[in-house]
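Some notes on the structure that comes next.
The values are calculated or read from the model by the stated rules, or taken from the named source; none is laboratory data. Computed from a predicted model, the values in this text were never measured in an experiment. FYI the Cβ positions are ideal-geometry reconstructions off the backbone, even for glycines, and counts take in every protein chain you see.
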Amino acid sequence: MRNNNVTVWTMGLTMSSSGSVIDGNTFTSPDPLEGIGIEFASAAETLIVNNTFADYKLGFFYSGGSAGNNCIYLNSFIDNWDIEQNGADRYNSTEPVPYTYNGQTYSSPLGNYWSTYDGWYAEDANGNGIGDTPYGCDGYPLMGPWNNGEITYLGGE
């Protein structure tokens, strides 16, 4: 599933197959803090990359016992109430990804942007656009949304 805009109250997408690619989509709830972006119903080995999930009660929900080993990175989770994380999934790239942040070029494994990654633990001491403290299962949280090879500099981090 690529390059779609999905706006629904209840469930943006239910995944029950394995080996799928979810790339470049925008999932939005028209009623803030209602519904679920993606339900994993026994989905495994799925690549979820470069998507936006906004205003859901749950960005992800796991309902299938065999769901896992999904790779989830370079996504933006904006104003979601919660994200159900599965420790069997990877929330960052497995290889370094070249990127630009605040005018500088870097290469590193990358995670996801979480608008709720804030406060004292959301530091970026070396200014590379990756948070110094993991956010849940995401070991490389981005300090801004991903946009075509660039982590958007939001300033003030």
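Candidates are the residues of the stretch 28-46 that are part of a strand (DSSP E or B) and under 16 Å from ASN4 (Cα atoms); the one that is modelled with the highest pLDDT is THR28. Selection of the stretch 116-147 for residues being among the hydroxyl-bearing types (Ser, Thr, Tyr), within 13 Å of PHE77 (Cα to Cα) and crowded, with 17+ Cβ neighbours inside 10 Å yields TYR117, TYR135.
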